[in-house]
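So the structure is just underneath, and the comments pick up after that.
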There are 2 protein chains.
Amino acid sequence: MDGESGRRRWVSALEVARDAGVSRSAVSRAFTEGASVAPATRARVMEVARRLGYAPSAMGRGLGAARTGLVGLVVAELTNPFYAALTEAVAVALLARGQAPLLLIAPAAGRTDELLPQLAGWRVDGVIIASATLGSRMARACAAARTPVVLLDRQAGRPPSGVREVSSDNMAAGEAVAALLLARGHRRPAFIAGIEDTATSRAREAGFRSGLADSGVALAGREAGGFTRAGGAAAARRLLRGSARPDAVFCANDEMALGVLDCARGEFGLSVPGELGVIGFDDIAQAALEGYALTTIRQDVSGLAAAAVAALDVGGPVRCLLPCALVERATLRAG
Amino acid sequence: MDGESGRRRWVSALEVARDAGVSRSAVSRAFTEGASVAPATRARVMEVARRLGYAPSAMGRGLGAARTGLVGLVVAELTNPFYAALTEAVAVALLARGQAPLLLIAPAAGRTDELLPQLAGWRVDGVIIASATLGSRMARACAAARTPVVLLDRQAGRPPSGVREVSSDNMAAGEAVAALLLARGHRRPAFIAGIEDTATSRAREAGFRSGLADSGVALAGREAGGFTRAGGAAAARRLLRGSARPDAVFCANDEMALGVLDCARGEFGLSVPGELGVIGFDDIAQAALEGYALTTIRQDVSGLAAAAVAALDVGGPVRCLLPCALVERATLRAG
């Protein structure tokens with residue numbers, strides 16, 4: 001017996017009213033903050049509601065009838081541990097305000113426009129886009145629907161009107177890495193970019209180059225690794241086989257840095273940090289694995305999530321840059 | 001100018017009708033499969049809809065008026081890479097059928113009842129629970145609402161009526177690991193369980209013990225590591241410090257196996273697989289890291305997701321066990 005042959009429905013306010021021996025409007029008032037209802041009645045209604053599994057409809061509840069309480073959360077790379085942590089933090093932050101994320105996986109970077117029918121179909125109150133690009137059709141549709149869009153961990157440079165941005169201060173972090181490598185005696189630093197046209201990778205690189213230039217040091221090498229571990233290993237292979245080898249590598253994310261460590265140790269027999277310093281970006285859980293113990297730059301995941309959710313509000317921040325922090329482990333020599 | 005001061009709304013069917021110069025009902029028919037509408041009219045409606053960013057409301061679209069198209073997806077451990085991959089696969093599978101997951105993060109194992117008001121409030125059509133336990137209140141409320149519940153990767157033994165189960169065939173996989181270790185010459189195998197009362201860990205252990213017993217071999221050690229890397233390392237510490245050391249360890253998941261490798265190599269100076277064989281479960285992306293190259297049992301993530309989504313349907317499978325596959329890397333000696 002599955003009990004699924006009948007019409008599916010959740011418990012209604014009327015059933016709660018009957019069971020509690022009150023009017024339907026008393027149930028409604030019991031669930032409305034500040035509404036006039038006797039404390040004993042409210043308590044009885046709440047007890048019956050809990051027993052029957054009733055909850056007032058979230059569609060429009062306390063948010064004005066035009067709201068659904070649903071926020072589209074578009075993620076392109078949930079299998080990247082950094083975005084998994086960020087997605088979890090955003091889901092928790094939304095739920096705490098009575099909203100919930102509609103999780104949509106972007107088919108491939110830059111193709112978020114394909115998700116537009118879903119977002120429009122569910123009449124979302126807002127859209128948070130993490131690790132994917134905002135398509136121009138989606139930007140227009142959201143603007144027409146007066147639906148706020150937040151780009152999370154992606155700086156678009158000049159976002160369309162109504163589009164808000166929340167990310168780490170990638171430029172400042174890149175500058176800090178340059179200062180750190182110089183302070184630790186490195187003079188031949190290289191950079192491994194992620195996906196070339198992403199603003200996060202570009203900002204980290206720009207900060208790094210600018211920090212080095214301030215001390216008259218130029219990049220000793222530069223490759224791109226597409227933000228993946230295999231891409232990082234391949235980039236390291238190209239950087240390390242030349243005669244003028246870099247003495248340190250700054251990677252635009254941790255996944256690539258793990259690939260660099262595999263390649264440097266396994267294929268070139270280099271000791272890290274003795275012969276090569278390596279520093280990543282994100283501080284994913286895997287960076288702490290003892291076999292890697294990666295020195296890296298930590299992004300403030302819960303801070304980013306809270307800021308993204310706040311940016312959905314009218315009057316919320318339009319652009320928000322959060323500071324990063326250095327996490328020292330074992331892949332960069334001590335000062 | 002954010003354009004957010006007005007009432008938020010998505011483009012309506014009426015606006016599409018006006019722009020396309022057709023009636024509102026023609027728009028509706030254009031979006032209804034099999035409805036009578038001239039091909040030229042349908043083409044014009046679709047073009048205008050695409051331009052304006054219109055999509056018919058997903059609430060009830062083609063699913064009967066009592067459906068919302070929303071499926072609650074409850075996940076407890078999104079930062080565990082296996083569950084991140086599974087969540088992504090479920091989201092993609094739902095979207096392909098015109099449904100979308102409401103992502104809810106369970107506050108802690110066993111406390112999914114706290115999420116009931118959210119699930120009821122959004123009138124979900126079904127609930128998929130991954131890596132968390134179904135609370136008794138939620139089970140009752142879903143049964144009352146005739147809302148199907150699918151436990152994904154959790155076997156509950158005797159689930160309440162209407163609750164469906166989709167998981168890997170953990171018992172058979174445990175038996176296969178026993179046969180493999182014996183074939184490779186191991187005679188002192190140990191087991192590291194996950195969280196003690198989870199059905200997945202128990203089924204893996206039962207199969208493993210049964211397979212060993214068939215050959216008259218007993219467990220040379222047994223610990224629990226709570227499915228975490230640190231827990232796995234601590235369990236290995238207890239197993240390896242005795243004089244009668246095991247010659248192989250089967251871990252109930254990969255995260256613990258990574259911790260075992262760190263501990264065995266870093267703290268005990270053991271060579272793997274020479275002095276200790278290690279095998280995990282899941283085949284998370286990190287198992288392939290060159291610094292670990294973990295031999296493990298792969299769960300069929302996309303198969304599990306497809307089966308979970310199919311189990312939401314009336315007439316869909318009530319219980320579904322999927323086969324696993326061995327992935328040979330470098331932590332178990334060759335046959």
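The values are calculated or read from the model by the stated rules, or taken from the named source; none is laboratory data. It should be emphasised that the depicted structure is a prediction, and the values quoted were computed from it without experimental measurement. Ideal geometry is used to build each Cβ from the backbone, glycine not excepted, and the neighbour counts take in all protein chains shown.
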For residue B:190, which of the numbered conditions (1) buried (at least 23 other Cβ atoms within 10 Å of the Cβ); (2) within 14 Å of chain A (Cβ to nearest Cβ); (3) not in a loop (DSSP other than H, G, I, E, B) fails to hold? (2)
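Under the condition of being of a type in the set (Gly, Ala, Ser) and within 12 Å of another protein chain (Cβ to nearest Cβ), which residue from region A:290-308 is farthest from residue B:229 (Cα to Cα)? Working first, answer last.
As a first pass, look at region A:290-308 and keep what is of a type in the set (Gly, Ala, Ser): A:291, A:293, A:302-303, A:305-308.
Right, trim to within 12 Å of another protein chain (Cβ to nearest Cβ) and you get A:291, A:293, A:305.
Numbers: A:291: 12, A:293: 14, A:305: 26 Å.
Looking at the filtered set, the residue picked out is A:305.
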Identify, by number, the condition in (1) touching a residue at least 24 places away in the same chain (Cβ under 8 Å); (2) of a type in the set (D, E, K, R); (3) farther than 30 Å from residue B:331 by Cα that residue B:175 doesn't meet. (3)
Restricting to region A:253-295, name every residue that is within 15 Å of residue A:327 (Cα to Cα) and among the small types (Gly, Ala, Ser). A:257, A:277, A:280, A:285, A:287, A:288, A:293
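Considering only residues that are of a type in the set (Ser, Thr, Tyr) and surrounded by 24 or more Cβ atoms within 10 Å (Cβ to Cβ), which ones fall in region A:134-157? If you could, list the steps in order and put the result at the bottom.
Initial filter on region A:134-157 (of a type in the set (Ser, Thr, Tyr)): A:136, A:147.
A:147, the sole residue that qualifies.
If only one of A:287, A:311, A:264 is without any contact (Cβ under 8 Å) to a residue 40 or more places away in the chain, more than 9 Å from chain B (Cβ to nearest Cβ) and either touching a Lys or Arg at 6+ places or on another chain (Cβ under 9 Å) or farther than 30 Å from residue A:164 by Cβ (or both), which one is it?
Working: A:287 fails: without any contact (Cβ under 8 Å) to a residue 40 or more places away in the chain; A:311 fails: without any contact (Cβ under 8 Å) to a residue 40 or more places away in the chain.
Testing whether each residue is without any contact (Cβ under 8 Å) to a residue 40 or more places away in the chain, more than 9 Å from chain B (Cβ to nearest Cβ) and either touching a Lys or Arg at 6+ places or on another chain (Cβ under 9 Å) or farther than 30 Å from residue A:164 by Cβ (or both) leaves just A:264.
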Residues satisfying the stated conditions in region A:69-115, i.e. over 24 Å from residue B:53 (Cβ atoms), buried (at least 22 other Cβ atoms within 10 Å of the Cβ), of a type in the set (Val, Ile, Thr) and at pLDDT below 90: none
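The rows are residues; the columns are (1) assigned by TED's automatic domain parsing to the domain that holds residue B:187; (2) surrounded by fewer than 23 Cβ atoms within 10 Å (Cβ to Cβ).
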| residue | (1), (2) |
| --- | --- |
| B:220 | yes, yes |
| B:234 | yes, yes |
| B:252 | yes, no |
| B:259 | yes, no |
| B:262 | yes, yes |
| B:271 | yes, yes |
| B:278 | yes, no |
| B:288 | yes, yes |
| B:308 | no, no |
What is the one condition in (1) out of contact with any His (no Cβ under 9 Å at 6 or more places or on another chain); (2) at pLDDT 95 or above that residue A:321 does not satisfy? (2)
Can you find a residue in region A:282-294 that is under 20 Å from residue A:209 (Cα atoms) and in contact with a strand residue (DSSP E or B) (Cβ under 9 Å, 6 or more places away or on another chain)? yes
Based on what the data block shows, is residue B:248 in contact (Cβ under 8 Å) with a residue 12 or more places away in the chain, of a type in the set (Gly, Ala, Ser) and either within 13 Å of another protein chain (Cβ to nearest Cβ) or crowded, with 24+ Cβ neighbours inside 10 Å (or both)? yes
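Could you check region B:198-208 and list, in sequence order, the residues that are modelled with pLDDT of 95 or more and either closer than 16 Å to residue B:153 by Cα or crowded, with 19+ Cβ neighbours inside 10 Å (or both)? Can you show your working first?
Here is the first cut: in region B:198-208, the residues modelled with pLDDT of 95 or more are B:204-208.
Within region B:198-208, B:204, B:205, B:207, B:208 meet the criteria.
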Please find, among B:174, B:126, B:185, the residue that is buried (at least 24 other Cβ atoms within 10 Å of the Cβ) and in the same structural domain as residue B:277 (by TED's automatic domain parsing). B:174
Within region B:98-150, how many residues turn out to be within 9 Å of chain A (Cβ to nearest Cβ) and among the hydrophobic types (A, V, I, L, M, F, W, C)? 17
Which of the numbered conditions does residue A:181 fail, given that it passes all the others? Conditions: (1) out of contact with any Asp or Glu (no Cβ under 8 Å at 6 or more places or on another chain); (2) more than 21 Å from residue A:327 (Cβ to Cβ). (2)
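Look at region B:274-284 and say how many of its residues are farther than 17 Å from residue B:264 by Cα and either modelled with pLDDT of 95 or more or away from chain A (no Cβ under 14 Å) (or both).
Taking region B:274-284 as the starting set, the residues that turn out to be farther than 17 Å from residue B:264 by Cα are B:281-284.
Okay, now just the ones that are also either modelled with pLDDT of 95 or more or away from chain A (no Cβ under 14 Å) (or both), so B:281-283.
Residues in region B:274-284 being farther than 17 Å from residue B:264 by Cα and either modelled with pLDDT of 95 or more or away from chain A (no Cβ under 14 Å) (or both): 3 in total.
Rundown of residues vs (1) more than 11 Å from chain B (Cβ to nearest Cβ); (2) modelled with pLDDT of 85 or more, yes/no style:
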residue: A:3; (1), (2): no, no
residue: A:7; (1), (2): no, no
residue: A:34; (1), (2): yes, no
residue: A:38; (1), (2): yes, yes
residue: A:45; (1), (2): yes, yes
residue: A:49; (1), (2): no, no
